[in-house]
Amino acid sequence: MNFDLSPTQEDLRGLARSFADEVVAPKAASYDLSGEFPYDIVAKMGELGFFGLPFSEEVGGVGGDFLAYCLVLEELARADASVAITLEAAVSLGITPIVRFGSDDQRAKYLPDLLAGKRLWAFGLTEPGAGSDAYGTQTRAVRSGDEWIINGRKAFITNAGTEISAGVTITAVTGEDHGKRAISTIAIERGTPGYTQAPKYRKLGWHASDTRELLFDDVHVPYSNVIGVEGKGYRQFLGTLEGGRVAIAALAVGVAQACFDASVSYSSDRMQFGHPIAAYQTTQMKLADMATQIELARLMTWKAASIIDTGKQPGKYASMAKLHASEVATACANQAVQIHGGFGFMEESPVARYYRDVKINEIGEGTSEIQRLLIAREVLAPKGIRVEPNGPQG
Ligand SMILES: Cc1cc2nc3c(=O)[nH]c(=O)nc-3n(C[C@H](O)[C@H](O)[C@H](O)COP(=O)(O)OP(=O)(O)OC[C@H]3O[C@@H](n4cnc5c(N)ncnc54)[C@H](O)[C@@H]3O)c2cc1C
């Protein structure tokens, strides 16, 4: 087993690292404070080809692989998790369903600007009453001739309300299939009458990332806006979400690494009782545990990404990577603030931002509880034991 990255992956990681250090990191604190969306950084990420990373040249991507995409996300998250989640939501939630399930016309219409990072596309699965149980969606699309008429709302949607947002793919109930709700994924362009984006939420972290509630009031879109197969949208999206989980794991590893780097640096300089606090074994044990857990989380992420690169679904390995990496990142942020003492509680210290930014990794794209449920379902399947709830989970 070879854990070395290929020369191309090494080069890309180096490029992302320099970009993160020189362009992203210097602005992270001010974007966090103002909550402004980082348009300039998004434009530069577009020029660097980051939005097309895991997609083939055939569809207009740069022909990289999923692991390369994860390496870039880790580097970006080390500098600013808001920037990393903007890329992750655009690629994993916005572009991927169009690449995987979109028609030739949909790909031709949307992908060039999305892959260039000139426009952003969102995915609206979650609703006020349907989160982990995303199958409980209440949004409905009713067919009328050559159109869908859509009514409903979506909650906590990333990248839908910026000046460069082009639209959103939503899940909506479109009928029944063998007595069960049939859910389809339908593209809605921004500016379509009846489609509105609420003001940005005030969030604990990820301040520079755009998150909004979306409202659909008699929205008319062409019937051909279905992405993929009518009635199969939910299943389609669950497969896509596995890749998203691996990407969130990479993002969590990046924040954990930032916590570790800041902790090594601060504890080596901070003098108490005549010595740097890193000279005390209590601090050394914390640093050793952080380094070990981060390495494990990174390896789990790379393994799940490598499975995707072989063309298979990562299944439980995606859930395991996200579960472990997100919990490790939260633990590292907690220890990083502790190592920084009172300064860690001050907004001038970067670790205060990491502490606020990190918790969401245990919630978005499937909570830790849901990841455990998915893992339990897969490991218990050979025994025929049901894991409740037995339906698909978001
Ligand atoms: C900043 C941000 C960005 C987001 N971006 C997007 C986006 O772009 N698109 C999108 O569609 N969604 C997005 N989401 C939504 C996100 O995926 C959901 O918040 C998440 O799936 C959890 O759903 P919920 O918030 O409704 O929590 P709930 O499902 O209400 O869960 C609340 C608690 O109950 C637990 N729970 C629920 N069911 C069970 C069970 N069966 N067993 C044990 N425990 C259970 C959960 O684990 C959690 O701890 C975003 C959320 C945030 C906060």
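The values are calculated or read from the model by the stated rules, or taken from the named source; none is laboratory data. Source: prediction; values computed, not measured. Please note: Cβ atoms are built from the backbone with ideal geometry, for glycine as well, and neighbour counts cover all protein chains shown. In case anyone asks, the SASA skips ligands and DNA or RNA and just uses the protein heavy atoms, side chains included. Shrake-Rupley method; radii C 1.70, N 1.55, O 1.52, S 1.80 Å.
For the range 153-229, the direction-averaged projected area of the alpha-carbon convex hull comes to 6.3 nm².
Neighbours of residue 259 by Cβ distance under 11 Å: Lys/Arg scored +1, Asp/Glu scored -1, total +1. Taking all protein chains as present, what is the carbon and sulfur share of the accessible area of the chain, in % to the nearest whole number, probe 1.4 Å? For the chain, the apolar C and S fraction of the accessible surface comes to 55 percent. Going by a ≥ b ≥ c, the root eigenvalues of the Cα gyration tensor, does the range 264-313 fall in the rounded group (a/c under 1.5), the prolate group (a/b larger than b/c) or the oblate group? Since a/c reaches 1.5 and a/b is larger than b/c, the shape of the range 264-313 is classed as prolate. Of 276, 315, 352, which is farthest along the charge dipole of the chain in the positive direction, counting Lys and Arg as +1 and Asp and Glu as -1 at C-beta? Among 276, 315, 352, the one farthest towards the positive end of the dipole of the chain is 315.
Summed over the residues of the range 119-175 and divided among them, the accessible surface reaches 36 Å² per residue at a probe radius of 1.4 Å. Overall, the chain carries a charge dipole of about 960 debye about its Cα centre when +1 sits on the Cβ of Lys and Arg and -1 on the Cβ of Asp and Glu, all other atoms neutral. Modelled spin-label separation between residue 224 and residue 58, with each label point placed 7 Å from Cα along the Cα-to-Cβ direction: 2.3 nm.
So for the range 67-161, considering every pair of alpha-carbon atoms, how many percent are separated by more than 22 Å? Value for the range 67-161: 43 percent of Cα pairs lie more than 22 Å apart.
Taking Lys and Arg as +1 and Asp and Glu as -1, the other residues whose beta-carbon sits under 15 Å from that of residue 363 total -1. Other residues with beta-carbon under 11 Å from the beta-carbon of residue 354 carry, at +1 per Lys or Arg and -1 per Asp or Glu, a net charge of 0. The amide H of residue 175, built 1.01 Å from its N in the peptide plane, has 182 as neighbours under 5 Å, considering only residues 5 or more places off or on other chains.
The separation of the range 98-123 from the range 280-357, counted between C-alpha centres, amounts to 32 Å. Here the scattering of the range 7-119 is modelled by Debye summation over its C-alpha atoms, one equal scatterer each and no solvent; at q = 0.12 Å⁻¹ the log10 of I(q)/I(0) is -0.40.
Of the listed residues 319, 6, the order by accessible area with a 1.4 Å probe, largest first, is 6, 319.
Accessible surface for the range 188-339, divided over its residues, is 44 Å² per residue with a 1.4 Å probe. With the simple spin-label model, which puts each label point 7 Å out from Cα in the Cβ direction, the residue 177 to residue 8 separation comes to 3.5 nm. Residue by residue, the range 76-91 carries 3J(HN,Hα) couplings of 5, 5, 4, 8, 7, 5, 5, 5, 5, 6, 4, 5, 4, 5, 5, 7 Hz when phi is fed to the Karplus relation 6.51 cos²θ - 1.76 cosθ + 1.60 (θ = phi - 60°); x denotes Gly or Pro. Note on the chain: Kirkwood radius taken over Cα pairs, Stokes-Einstein applied at 25 °C and 0.890 mPa s, translational D equal to 114 µm² s⁻¹.
Look at the Cα gyration tensor of the range 104-255: its axes a ≥ b ≥ c give a/c under 1.5, and that counts as rounded.
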